[in-house]
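Have a look at the structure below, then the notes.
The values are calculated or read from the model by the stated rules, or taken from the named source; none is laboratory data. If you're wondering where the values come from, they're calculated on a predicted model, not measured in any experiment. All Cβ positions, glycine included, derive from the backbone under ideal geometry; neighbour counts span all protein chains shown.
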Amino acid sequence: MTIKTPKYVIAEAKEQPSFVRQHWLMFSLLGLAILTFLIGKYSNIDVLNAFQGQKKTWVEMNQQLTEENDQQRRTISVLQTEVKVKQQAITELQNSLLELTEEKDALKAELVFYESLLSHKDDIKTLRVFDIGVRAQNEMLLLNLVLAQRLQRADVIKGSIKLELKGIQEEQGKILDLVEQFKLDDAFEFKYFQVKKYAITLPKGFNPTMLLVELNPKGSRQKTVTEQFQWSDIINRTPKELADELTESN
């Protein structure tokens, strides 16, 4: 009987790597991910803090700029107000100067007018309307009436005035009694001449065409004097124009 000897093969056992070494790549990636997360987290906090600080700075700068802008607006408003006040003052001074100049010219023209009236250049023999003019001022009409009588050996004359304005309203003829409608002073009393000044307004839609002036002196020696004047001839006549016309007529 033959005994078989078992055959053994002796082989060197291979060293098994550890769990960590087997999974080093995974641990490396995991560590890298954790490191990246931490770095990103703290980096984001720094960025956020920096951004919040910058935002606060911007807010403060914006508030400062807003306050400066408001202050500049207030300054500009004050300066604009001062300019407007100065301009208004200059305009008022210019208007006052213009009014004074016009008033001076008007007084000078009236002086020439009255000097011509009293110089006997115009042959006045009886009571009459020596001159008449109407000047528009805003919504008013200023009626200037000069009455005169014989300049030589004149006596004081008294009487009343009747003023009727003829015109067209709503395509119909109409007559306005100015004395009655506007309660005008209708009395006159003078020796050489007298100036009567009235202020009237025209009804809406009334177009004047003719002004009738009637002088009714007291006493039997004087007769009623009636004169009519075309409205277009007497409207907007200035004292200077009256004086010029008087000078030209003489």
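So, in the range 191-239, how many residues would count as being within 33 Å of the chain's Cα centre (by Cα) and hydrophobic (A, V, I, L, M, F, W, C)? Working first, answer last.
Looking only at the range 191-239, we keep the residues that are within 33 Å of the chain's Cα centre (by Cα), and these are 197-208, 232, 234-239.
Add one more test, that the residue is hydrophobic (A, V, I, L, M, F, W, C), and what stays is 199-200, 202, 206, 234-235.
So the count comes out to 6.
Among the candidates F188, F182, which residue alone is of a type in the set (F, W, Y), surrounded by 13 or more Cβ atoms within 10 Å (Cβ to Cβ), at pLDDT 90 or above and under 38 Å from the mean Cα position of the chain (by Cα)? Quick ask: steps written out before the conclusion?
Working: F188 fails: under 38 Å from the mean Cα position of the chain (by Cα).
Being of a type in the set (F, W, Y), surrounded by 13 or more Cβ atoms within 10 Å (Cβ to Cβ), at pLDDT 90 or above and under 38 Å from the mean Cα position of the chain (by Cα) holds for just one of F188, F182, which is F182.
Restricting the first member to the range 162-177 and to residues that are assigned by TED's automatic domain parsing to the domain that holds L212, and the second to residues that are of a type in the set (S, T, Y) and assigned to a strand (DSSP E or B), the beta-carbon pairs closer than 6 Å and six or more apart or on different chains are K166/T209; G167/T209.
Between L212, L246, L202, L242, the distinction of being at pLDDT 95 or above and not aromatic (F, W, Y) belongs to L212 only.
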